[in-house]
Amino acid sequence: MALVNERARVLENECVGPNLHVATLSSPAIAAGIEPGQFVHMKIPGMDDHVLRRPFSVYARDAEAGVLEILYQVVGFGSARMTELAAGAEGVELIGPVGRAWQPPAEAKRALLVGGGVGAAPLFMLCEALVKNGVRTDVVLGAQTETALACRGRYEALLAEPPRCATDDGSFGREGFCTSLVQEAIEEAARAGEPYGYVAVCGPEPLMKIVAGMADDADIFCELSMERRMACGIGACLSCVVDTVEGKKRACVDGPVFKAQEVVWA
């Protein structure tokens, strides 16, 4: 689908966790064509002194209703301004759908999705697609606290088995990082004779690097979504480059989803 510059209306803007919000936007054209893993580049109203748009992964969409949902974390001026957008607010502009989507192998019969923090959101539409296509799908989620596991309920409602969870403070699931749960899941699947054919991961780069290494050791095809600060969001400014084995690539249009073996880690 070609890029669309669409004016969107805020339908809802709900706090779902510590500094975590879900904005529901009416955006029929983009909702009709966006694929799992793609994102939108948003112009936030009331920020005339800040001309750059903000990139946001799409958490969920309803193509028939023409609705997008964006999970965002308040980390700066722009995201703080977003929390002030009430239902009915006009003036939000979206460029999208932008970027390379997740591309699981057609032959994969079982998949493992790993989301760290808000990295759980860009995986949800992928999870929906895999489940719809009959792919056995397992999910591992990690966050700082139980209340930061903002996507857990939706995954539980979608999956046959609830996601394995880890929190830094031990308030839900295993205490510590979720990487130990990933290793266990890979090993258990192999022992059961039902190994994973695909791993997808999004979250902090140390997490993605570790999970990519685990997938490589187990000879599993792995993709990851690289988040970068962006200026233009359409591939012109070269502000979002990712180092790869083929040189520098742009996260906005060559990604944000990359094959794990492409990425050269710092």
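Rule-based calculations on the coordinates, nothing more; no lab input. All values reported here derive from a predicted model rather than from experimental measurement. Virtual Cβ from ideal backbone geometry, glycine too; neighbours counted across all protein chains shown.
State to the nearest 20 debye the size of the charge dipole of segment 33-84 about its Cα centre, where the only charges are +1 on K and R beta carbons and -1 on D and E beta carbons. Before the final figure, lay out each step's value.
Numbers: 5 positive and 7 negative charges, 37 e Å.
That gives a dipole near 180 debye.
Return the ratio Rg/(2.2 N^0.38 Å) for segment 165-229, where Rg is computed over Cα atoms only.
Working: Rg = 12.6 Å, N = 65, 2.2 N^0.38 = 10.7 Å.
Its radius of gyration relative to the 2.2 N^0.38 Å reference: 1.17.
Using unit Cβ charges (K, R positive; D, E negative) and no other charged atoms, how large, in debye to the nearest 20, is the dipole of segment 1-159 about its Cα centre? Mind showing how you got there, number by number?
Numbers: 14 positive and 17 negative charges, 88 e Å.
Once rounded to the nearest 20, the dipole reads 420 debye.
Any idea what the dipole of the chain comes to, in debye rounded to 20, about its Cα centre with Lys/Arg Cβ at +1 and Asp/Glu Cβ at -1? Let's see the in-between values first.
On the way: 24 positive and 35 negative charges, 113 e Å.
Roughly 540 debye, rounded to the nearest 20.
Using only the alpha-carbon atoms, what does segment 195-266 span along each of its principal axes? Please give whole angstrom values in decreasing order.
Answer, in whole Å and largest first: 40, 22, 20 Å.
Springs between alpha-carbon pairs under 10 angstrom, Gaussian network model over the chain: which of 71, 141, 52 fluctuates most?
So, out of 71, 141, 52, the one fluctuating most is 52.
Take the Cα atoms of the chain, build their convex hull, and give its volume per residue in Å³. Display every interim value, and only then the final one.
Details: hull volume 33.7 nm³, N = 266.
Spread over its residues, the Cα hull of the chain gives 127 Å³ apiece.
Please report how far the C-alpha centroid of segment 187-214 lies from that of segment 1-35, rounded to the nearest whole angstrom.
Measuring centre to centre over Cα atoms gives 30 Å.
Going toward the positive end of the dipole of segment 192-262, with +1 on Lys and Arg Cβ and -1 on Asp and Glu Cβ, which of 195, 244, 234 do you reach last?
Value: 234.
Less than 28 Å apart at the alpha-carbon level, and either on another chain or at least 8 residues along: which lysines does that give for residue 109?
132, 209, 259
Quick test of your reading: applying the under-4.7 Å Cβ rule, which cysteines of the chain are isolated?
If one checks each Cβ against the other cysteines of the chain, 15, 127, 151, 165, 178, 202, 222, 240, 252 turn up with nothing under 4.7 Å.
Summing -39500 (n - 2.57) over the DSSP H runs of n ≥ 4 in the chain and dividing by its residue number, what mean residue ellipticity at 222 nm do you reach, to the nearest 500 deg cm²/dmol? Display every interim value, and only then the final one.
Details: 6 runs with 54 residues, N = 266.
Using -39500 (n - 2.57) per qualifying helix, the result is -5500 deg cm²/dmol.
Within a Cβ distance under 10 Å of residue 188, other residues only, what is the Lys/Arg minus Asp/Glu net charge?
Working: positive: 191; negative: 138, 184, 187, 194.
Once positives and negatives cancel, what remains is -3.
Can you give the net charge of the other residues whose Cβ lies under 10 Å from the Cβ of residue 41, counting K and R as +1 and D and E as -1?
Values: positive: 43, 53, 54; negative: 93.
Here the count lands on +2.
Over the chain, with a Gaussian network built from C-alpha contacts below 10 Å, which listed residue (49, 217, 138) shows the highest mean-square fluctuation?
49
Using a 10 angstrom cutoff on alpha carbons, build the Gaussian network for the chain and name the most mobile of 227, 35, 107.
107
Which net charge results when you count Lys and Arg as +1 and Asp and Glu as -1 among the other residues whose beta-carbon is under 11 Å from that of residue 164?
On the way: positive: 152, 174; negative: 138, 161, 184, 188.
Neighbour charge sum, excluding residue 164 itself: -2.
Please go through segment 173-266 and write out the trypsin sites (Lys or Arg not before Pro) that DSSP classes as loop and that have at most 16 other C-beta atoms within 10 Å.
Those that pass, being in a loop and sparsely packed, are 228, 229.
Taking the Cα-to-Cβ direction at residue 79 and at residue 107 and moving 7 Å from each Cα, how far apart do the two end points lie in nm?
The modelled label-to-label distance comes out at 4.0 nm.
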